[in-house]
Structures are given as C-alpha cells and as structure tokens.
Amino acid sequence: MTWREVTKNAQCLICGKGGWCGRSDDGAARCTRVSDPPAGWRLVKRNVDDGTVFRRDDELPQRSPRASGPKPAPKPAKCAKTWLTMDAVIKAAAR
C-alpha cells in the first residue's frame, strides 16, 4: 500500500485538514488527528506514531500483489535418512 500525503486541494477524508494525514492508493485514509471512526468509516489500525487507518464501511480492502498468489508448497521432509537410521538401529538391536 502506497501512502500520499494530503494537501490543501486534496484534504484528509476523515478530519478535513490539509496536512499530516494521508491517503492510500487503494482507498484507505490515515488520520493523525482523529482516532475514532466517523460515520461511514471503520477502524482498520491504530498506529502510535503514524495516525489511525480507516476504510469506508462499504469498501473491501484490495489484496497486495505479494499476498494474492498461492502459498508455496511445503519443503519435503528428509524421511529417507531418518528411515535408514531407524533401520540400522533395529538391525543392531536384533543382533
């Protein structure tokens, strides 16, 4: 998610001010002055130093490209070595 700082011409969607807040490229709003969601908005995350993130109630968040792909397959276990070791133990115990 990329954040753009608000300006006098593109003010904060939450507090209406022209500085210190931000808008994301996917529609979220970050406000440094307001911590409770106004009507029509929902709280996403409270940041101690960087403001509070809000989204519109009717808006679903878009997934980032790196999180949208399938999960990689788990690495195969090294079973062959374990079975060889167990087989040697069993043979040694049988002697």
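For the range 1-60, what's the relative contact order in percent, using C-alpha pairs closer than 8 Å and at least 6 residues apart?
Values: 119 pairs, mean separation 15.1, N = 60.
25 percent.
Tell me the Kirkwood hydrodynamic radius of the range 1-60 in angstroms, computed as one over the mean inverse distance between distinct C-alpha pairs.
Details: mean 1/r = 0.0893 Å⁻¹.
It is 11.2 Å.
A short reminder: the numbers here are calculations on the coordinates, not readings from a lab. These figures come from a predicted structure and were not determined experimentally.
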